[in-house]
Amino acid sequence: SESYFCPDCCAGKRSIIGDVVWARFSHFRWWPAQVFTDDDVDERVKKTAHKPGEFPVYFFGERNFGYVSQRNIFPFDDKPEKQVSSGSRKKTFNAALGEASKTHKAIEKFKTQLREEWDASEGCPAFRVLKENEYLVPKKKREIAAPCNCSPDSGCGPLSRCINRELTIECSPESCPCGEKCQNQRIRKSQFKKVKPFRTPDGRGWGLIADEEVRTRDLVIEYLGQVINGKMLRERLSKSNCFGSNFYFMSIKGEPDLFIDPTKKGHLGRFINHSCEPNCECETWEVDGQRRVGIFAKRKINAGEELTYDYAASYLEKTEKQKCLCGTPSCSGFIGGAKKKVQPEVNPNLKNQINAFEMFVKSNVSKFKQDNPDIKRTKVKDGLKEEWENNDNEI
């Protein structure tokens, strides 16, 4: 089902959250007020009697909240027929009117600025950038990772025998024997690749491209957002139409009741599109006892190439099927659907390339072992294969 957009709200005919309006509570006179949500008021206000569909407004001058319905408000620019013109309430009313007018002008100026920025960026979705996950649920206490078994000179590199790396755990600075040479603290140090959002030309909305070359197994970016539990997730899903057709929720592997939501607060990873033949994959790593999601390159990615991962493998799906627009040969037409079997192309030069690779291994194996003294014997060929592929060769 498609997302619903209210024509009146889009046209500015109905007031939305944050707007200054004229409101009337119960049988009282029209009074200048501002529209809020339940999330913006304290528990005392929430407990006041109100009907489904009513929402809280803040009455200027009175400095209190009340619940009203859409029929009990109208735009601030349209003056009510009767205003408080005399009596003991006139002074309070005039003060409220002055405060409301000032707030209304500021909000309208901000809306105009947002519209101009929206047009300038071709409608790039607005969100607040986070440097780390924002927990809306109790956060675990920091836990220092156990010391790994690496020698001080190995640096806990990708081909080392680092036990923490094998278990997808990042080393802690306090306990790692490699000290500042440790290469297994990429998420902690935000060692991300240069990326930038772009408007896709084929109707898939916004996407993310690599702004530099990315090597196999490099950390591209972390998937950041607000960490919420299942109850919060269900509440947000019920209101997800407010966010348009985009859907960003991701489950955290190993945490059955925790989810990441970068809809309003997050990072550029939220722009990465789905593909049935992705060049990236999501992995959950433990950093100081917290589970964090990194997006890693499955293969070499050239600068200017779009970044993608498989939503079905790492994504919290909606109940209804979502159409897939990736356009790859194996695409089933729906995210999470069974992929088509594609007959691999026969490379006429395959035999020559295999021979060339074997020659490369024989020529470089001694030097590779010397440069990586702690590497397992079984991983020598894998390491040389990665080096071969990152040099624009194929097998």
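Given a 1.4 Å probe, how much area per residue of segment 121-214 is accessible, in Å²? Present the calculation step by step, with values, prior to reporting the outcome.
Values: 5480 Å² over 94 residues.
The answer is 58 Å² per residue.
Using alpha carbon centroids, what distance separates segment 199-233 and segment 44-60, in Å?
If you average the Cα positions of each part, the centres end up 38 Å apart.
Given a Förster radius of 30 Å and the C-beta distance between R29 and S238 as r, what FRET efficiency does 1/(1 + (r/R0)^6) yield to the nearest 0.05?
Working: r = 35 Å, r/R0 = 1.17.
That pair, R29 with S238, gives E of 0.30.
Report, in listed order, any pair from K139/K300; K139/K323; K102/K131; K140/K264 with a Cα-Cα distance greater than 31 Å. Walk me through the numbers before you get to the answer.
Numbers: K139/K300 36 Å; K139/K323 35 Å; K102/K131 34 Å; K140/K264 23 Å.
Beyond 31 Å between Cα atoms: K139/K300; K139/K323; K102/K131.
Could you work out the mean projected area of the convex hull around the alpha carbons of segment 132-230, in square nanometres to one decimal? Before the final figure, lay out each step's value.
Working: hull surface 35.9 nm².
Taking the Cα atoms of segment 132-230, their convex hull projects to 9.0 nm² on average.
Would you mind computing, in nm to one decimal, how far apart the modelled labels at K231 and K141 are, each placed 7 Å from Cα along Cα→Cβ?
With each label point 7 Å from Cα toward Cβ, the separation is 2.4 nm.
Quantify, in whole percent, the carbon and sulfur part of the accessible surface of segment 24-68 (1.4 Å probe; protein heavy atoms only). Working shown, then result.
Numbers: 1450 of 2900 Å².
For segment 24-68, the apolar C and S fraction of the accessible surface comes to 50 percent.
Quick one: P(r) of segment 173-262 from all Cα-Cα pairs, 5 Å bins, percents rounded to integers, in order of increasing distance.
3, 10, 14, 15, 17, 17, 12, 6, 3, 2, 0
The values are calculated or read from the model by the stated rules, or taken from the named source; none is laboratory data. Remember, predicted model here, so these are calculated numbers, not experimental data. Cβ coordinates were reconstructed from backbone atoms using ideal geometry, including for glycine residues, and neighbour counts include every protein chain displayed. The area values use the complete protein model at the heavy-atom level, side chains included, leaving out ligands, DNA and RNA. Shrake-Rupley method; radii C 1.70, N 1.55, O 1.52, S 1.80 Å.
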